[in-house]
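Undergrad: Input: one structure, supplied below.
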Amino acid sequence: MNSWILAYEGYNPEEEGLREALCTLGNGYFATRGANAESSADGVHYPGTYLAGGYNRLTTEIAGREIENEDLVNMPNWLCLRFRIQGGEWFSPDDAEIFFYRQELDIRCGVLKRTVRFEDSRGRRMNMEERRIVHMGDHHLAALETTLSTENFSGTLEIESGLDGGVVNSGVKRYQSLNGRHLEVLETEAREDAPLFLKARTVQSERRVALAARTRLFNKQAGLNPKPEIIEENGYIAKRFSVDVSENEKIRVEKTVTLHTSQDRAISECSLAAKHDIQCAGDFSELLKTHIIAWEHLWRRFDIRMTDRRKNRRDDRPEMILRLYTFHLIQTTSLHTIDLDVGVPARGWHGEAYRGHIFWDELFIFPAITLQQPEITRSLLLYRFRRLDSARRAASAAGYKGAMYPWQSGSSGREESQEVHLNPKSGRWIPDNSHLQKHVNAAIAFNICKYYESTGDDQFMTAYGAEMLFEIARFWSSIATWNEEYERYEILGVMGPDEYHDGYPDADKPGLDNNAYTNLMAVWVLTQALKMMETLPRDSVEELCKALFLDQEEKDLWWNISRKMRIVFHDGNIISQFEGYDRLEELDWDKYKKKYDNIQRMDRILEAENDSPNRYKMTKQADVLMLFYLFSSEELKGLFKQLRYPFEYETIPRNVDYYVRRTSYGSTLSWVVHSWVMARSDRARSWTLFLEALESDISDIQGGTTQEGIHLGAMAGAVNILQEAYMGIKTRGEVLWIDPCLPEALEKVEMQIHYRGDTVEFKTTQEMCKVKLVSSRRNSLKIGFGDGIYDLTIGTSRMFQL
């Protein structure tokens, strides 16, 4: 098995949606699913192209009321390339007799390949070989090369190359009752002597999108120039070519596409830009060469090489999956992202699930980027800064101070969480209270502080980061209320990361009190905000506090809340997920495991049975355990001491055992968190859970969700388990700390990171860790290991015995 190749043998219609998502090609500006070029949306195939940040809002009448949703728009389909033998049907693997079918994604080069040998209904045999790229160097370019080879016939081939602006959003079944017609075609051009051109517009956000497509045909000797037939119908334009062929002859088709939008920089107008670029674009071989070079540069930074002890069985699957997930992380958040006003969506730019919105998943995604390409993380944090005023307005409207960021964010930063959502098991639309997950604000603050800790980017922190951090701290101080009985502050009426629980059993209104994760994260944010006032230059802090009307009285309130927040416990040192959790019923897990093949989405199962997860001690995903994911035992001990609560050595393993046994794994993030929190205490089980996390998307373990869009948080989280949990890499000021602890099954890890302008190389085995300073702008680096701090100079290395 080649650890750089994701390969599929044979054609399987039931698996096509999953393949399309996992074989998506993108460059941070736009992405195209790995659908067959000859296919259309038909229940089996779903060709989709998505622009980073390409949103549009539409309204739909549901249950007697108008509901507005903002969606990531399925943009015009540029793939359209089909062929047939004259007199026959257009080729489709669903109709032809297939003798050989192989699809492979070259992860190293970013090339999608397909090889098919087939026979039509008249016994005529052909081979088709296809290569496809979405250019990583020039983010406005994509190209497709198809080679058609005849075997046992002579005749005429018809080849049709088009652009389809008549597409709709229909890639998620549970959304299909919602209005999905986001595009209107404004202009088309289809002339014999010029590239195809199509211009469309999103109907509400009015983003204009222009595509130009050039199609060239070649045989073995030279280029062909057959006169095309022009096809124009319902937003679809195409050129249809007829080419005479003999037995054992090859016809090669090159299709090159340029894509621009009205929001691009350094252009006059998107139509002019698309038409100009298609005239300047090289042929497929030239584009492929520069595309591969761009990927080589990226892999030099991002590749992690791992060797497990099963390599004598030639099992490279874990390393291949790790590279596949890194590949999708890079495609979603590439260097091209830096110049865009976009966040990082939970499901990538790979499909329409979650409508392309930005959640708290940044918490899992940013660490995997920051240690390799921190300038990307910086740009993604600026997406939040640009929406700070929107967060301020949301807080004010809810009666709070500061900034309250939304659970789901899209174009403007308003709350995009749906009011109702469909349970596919019951067919009922039910209220959606996920907007009560105010902990997203803590995640944003955490990301700001960790970026600063890793980079020392004072300019970012003084100009952008501190203002967001202070306004989020201000929000937490205003949502906290004083409980005279306990002489503690509380946070009431929220939801935690678990998501199964949005209220108390039979309560009239949604919301839970004193979610432990939310309360402790609020304490951490307030503490960090006060520390940041001491860290940053005094004049900068004074100017910012003056601009925000942030006085000493408010700072004193922050200090008091950060020392007197209430955390609820039960059964000794079990941290209660929320107040009253201990009074809920235990779920009969064995009963439901016998009744259903898959119980990951117990919320849907219970609702379909007219029951509710609010009644039971169960979790969809890590909630309390998120504290052990984000903080070391020393950091948590410090926070609990600050609050005057005990925190013994046994607290972590007891809580891990308690909540793991009550988790349904309804989110792919669960395997990531659980693997992480066991990385030191139970390395064998951590490794098993890590392998489960790797399988989450490639094996679609949730039963059909990956085809709607990848789970980028789980992908990046799996990558970061190696970087931080197993390699033990921590950034603390001017010192880079390491504490490797590889699972027994993991023999070796090799990787590079980029820390404060330094390139550092690691080679780690069970017995030792070799650290080399490859390059540095400061000529030296301080490495922390155990109780010591060691200096490295450029070109030198040091061996640490484990």
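Undergrad: Would you confirm whether or not region 495-503 contains a residue that is at pLDDT 95 or above, among the aliphatic types (A, V, I, L, M), over 29 Å from Phe460 (Cα atoms) and in contact with a helix residue (DSSP H, G or I) (Cβ under 6 Å, 6 or more places away or on another chain)?
TA: Checked against the condition, which is being at pLDDT 95 or above, among the aliphatic types (A, V, I, L, M), over 29 Å from Phe460 (Cα atoms) and in contact with a helix residue (DSSP H, G or I) (Cβ under 6 Å, 6 or more places away or on another chain), region 495-503 yields at least one hit.
Undergrad: Can you tell me which residue is farthest from Leu72 (Cα to Cα) among those in region 10-30 that are part of a strand (DSSP E or B) and among the hydrophobic types (A, V, I, L, M, F, W, C)? Please lay out each step first, then the result.
TA: Just the residues of region 10-30 that are part of a strand (DSSP E or B), to begin with: 25-26, 30.
Filter again for among the hydrophobic types (A, V, I, L, M, F, W, C), leaving 25, 30.
On the way: Leu25: 17, Phe30: 12 Å.
Here the residue is Leu25.
Undergrad: Restricting the search to region 447-479, which residues are part of a helix (DSSP H, G or I), touching a residue at least 24 places away in the same chain (Cβ under 8 Å) and among the small types (Gly, Ala, Ser)?
TA: Ser454, Gly465, Ala466, Ala473, Ser477, Ser478
Undergrad: Further, regarding this structure: Consider region 223-263. How many of its residues are under 30 Å from Ala31 (Cβ atoms), in a loop (DSSP other than H, G, I, E, B) and open to solvent by 30 Å² or more (accessible area, probe 1.4 Å)?
TA: First, pick out the residues of region 223-263 that are under 30 Å from Ala31 (Cβ atoms): 228, 230-241, 251-263.
Then drop every residue that is not in a loop (DSSP other than H, G, I, E, B), which leaves 228, 234-235, 262-263.
Going one step further and asking which of them are open to solvent by 30 Å² or more (accessible area, probe 1.4 Å), we end up with 234, 262-263.
Number satisfying all stated conditions: 3.
Let's see how each residue does on (1) touching an Asp or Glu at 6+ places or on another chain (Cβ under 7 Å); (2) over 22 Å from Leu689 (Cβ atoms); (3) not hydrophobic (A, V, I, L, M, F, W, C):
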position: Glu579; (1), (2), (3): yes, yes, yes
position: Glu585; (1), (2), (3): no, yes, yes
position: Trp589; (1), (2), (3): no, no, no
position: Asp597; (1), (2), (3): no, no, yes
position: Arg604; (1), (2), (3): no, yes, yes
position: Asp611; (1), (2), (3): no, yes, yes
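Undergrad: Looking only at region 31-76, which residues are more than 19 Å from Glu416 (Cβ to Cβ), assigned to a strand (DSSP E or B) and β-branched (Val, Ile, Thr)?
TA: Across region 31-76, the qualifying residues are Thr32, Thr49.
Undergrad: Could you pull out every one of the strands (runs of 3 or more DSSP E) wholly within region 705-802 that has 1 or more residues that are without any contact (Cβ under 8 Å) to a residue 24 or more places away in the chain and more than 27 Å from the chain's Cα centre (by Cα)?
TA: Numbers: elements: 730-732, 735-738, 746-755, 758-765, 768-775, 780-785, 788-793, 797-801.
Correct list: 758-765, 768-775, 780-785, 788-793.
Undergrad: Find the residue count for region 85-111, including only residues that are part of a loop (DSSP other than H, G, I, E, B) and charged (D, E, K, R).
TA: Pass one, region 85-111, residues part of a loop (DSSP other than H, G, I, E, B): 86-96, 107-110.
From what is left, the residues that are charged (D, E, K, R) are 89, 94-95, 108.
Count: 4.
Undergrad: Among the residues of region 490-499, are any part of a helix (DSSP H, G or I) and either surrounded by 15 or more Cβ atoms within 10 Å (Cβ to Cβ) or over 27 Å from the mean Cα position of the chain (by Cα) (or both)? Please lay out each step first, then the result.
TA: At the first step, the residues of region 490-499 found to be part of a helix (DSSP H, G or I) are none.
Among the residues of region 490-499, not one is part of a helix (DSSP H, G or I) and either surrounded by 15 or more Cβ atoms within 10 Å (Cβ to Cβ) or over 27 Å from the mean Cα position of the chain (by Cα) (or both), which makes the answer no.
Undergrad: Among the residues in region 550-558, are any free of Cβ contacts under 8 Å to residues at least 24 places away in the same chain, over 14 Å from Tyr659 (Cβ atoms) and among the hydrophobic types (A, V, I, L, M, F, W, C)? Spell out how you get there, then give the answer.
TA: At the first step, the residues of region 550-558 found to be free of Cβ contacts under 8 Å to residues at least 24 places away in the same chain are 551-553, 556.
Right, trim to over 14 Å from Tyr659 (Cβ atoms) and you get 551-553, 556.
The next check asks that each one be among the hydrophobic types (A, V, I, L, M, F, W, C); those that pass are none.
No, region 550-558 contains no residue that is free of Cβ contacts under 8 Å to residues at least 24 places away in the same chain, over 14 Å from Tyr659 (Cβ atoms) and among the hydrophobic types (A, V, I, L, M, F, W, C).
Undergrad: Condition first: open to solvent by less than 50 Å² (accessible area, probe 1.4 Å) and outside any loop (DSSP other than H, G, I, E, B). Now tell me which residues in region 386-416 satisfy that.
TA: The answer is Leu388, Ser390, Ala391, Ala394, Ala395, Ser409.
Undergrad: Between residues in region 230-248 that are on the phi > 0 side of the Ramachandran plot and touching a residue at least 24 places away in the same chain (Cβ under 8 Å) and residues that are open to solvent by 50 Å² or more (accessible area, probe 1.4 Å) and of a type outside the set (Phe, Trp, Tyr), which pairs lie under 6 Å by C-beta distance while being six or more apart or on different chains?
TA: So the pair list comes out as Gly235/Val185.
Undergrad: Just to be sure I understand, how many residues within region 65-90 are buried (at least 18 other Cβ atoms within 10 Å of the Cβ) and within 34 Å of the chain's Cα centre (by Cα)?
TA: 14
Undergrad: Something else now. Mind listing just one residue for me: the one in region 164-222 that is modelled with pLDDT under 95 and among the hydrophobic types (A, V, I, L, M, F, W, C) and, of those, most open to solvent (accessible area, probe 1.4 Å)?
TA: Here the answer is Ala222.
Undergrad: If I ask for residues that are closer than 11 Å to Ala213 by Cα and acidic (Asp, Glu), which ones from region 258-286 would you list?
TA: Taking region 258-286 as the starting set, the residues that turn out to be closer than 11 Å to Ala213 by Cα are 258-259, 274-275, 277-279, 281.
Asp277 - this is the single residue of region 258-286 that is closer than 11 Å to Ala213 by Cα and acidic (Asp, Glu).
Undergrad: Among the candidates Leu186, Leu178, which residue alone is hydrophobic (A, V, I, L, M, F, W, C), part of a strand (DSSP E or B) and in contact with a strand residue (DSSP E or B) (Cβ under 6 Å, 6 or more places away or on another chain)? First the steps, then the outcome.
TA: Details: Leu178 fails: part of a strand (DSSP E or B).
Only one candidate qualifies: Leu186.
Undergrad: Of the residues that make up region 559-578, is at least one outside any helix (DSSP H, G or I), in contact (Cβ under 8 Å) with a residue 40 or more places away in the chain and farther than 26 Å from Tyr659 by Cβ?
TA: No.
Undergrad: Which residues, taken from region 494-544, are among the hydrophobic types (A, V, I, L, M, F, W, C) and in contact with a His (Cβ under 8 Å, 6 or more places away or on another chain)?
TA: Taking region 494-544 first, the residues among the hydrophobic types (A, V, I, L, M, F, W, C) are 494-495, 507, 512, 516, 520-526, 529-530, 532-533, 536, 541, 544.
The answer is Val494, Met495, Leu512, Met521.
Undergrad: Out of the residues in region 611-652 meeting the condition of being open to solvent by 30 Å² or more (accessible area, probe 1.4 Å), modelled with pLDDT under 95 and polar (S, T, N, Q), tell me which one is nearest to Glu585 (Cα to Cα).
TA: The qualifying residue nearest to Glu585 (Cα to Cα) is Ser612.
Undergrad: Scanning region 515-552 for residues that are within 35 Å of the chain's Cα centre (by Cα) and charged (D, E, K, R), which turns out surrounded by the fewest Cβ atoms within 10 Å (Cβ to Cβ)?
TA: Within region 515-552, the match that is surrounded by the fewest Cβ atoms within 10 Å (Cβ to Cβ) is Glu534.
The values are calculated or read from the model by the stated rules, or taken from the named source; none is laboratory data. Predicted model, so just to flag it, every value in this text is computed and none were measured. Glycine also receives a Cβ, built like all others from the backbone with ideal geometry; neighbour counts cover every protein chain displayed. These area figures cover heavy atoms from the full protein model, side chains too; ligands, DNA and RNA do not enter into them. Shrake-Rupley method; radii C 1.70, N 1.55, O 1.52, S 1.80 Å.
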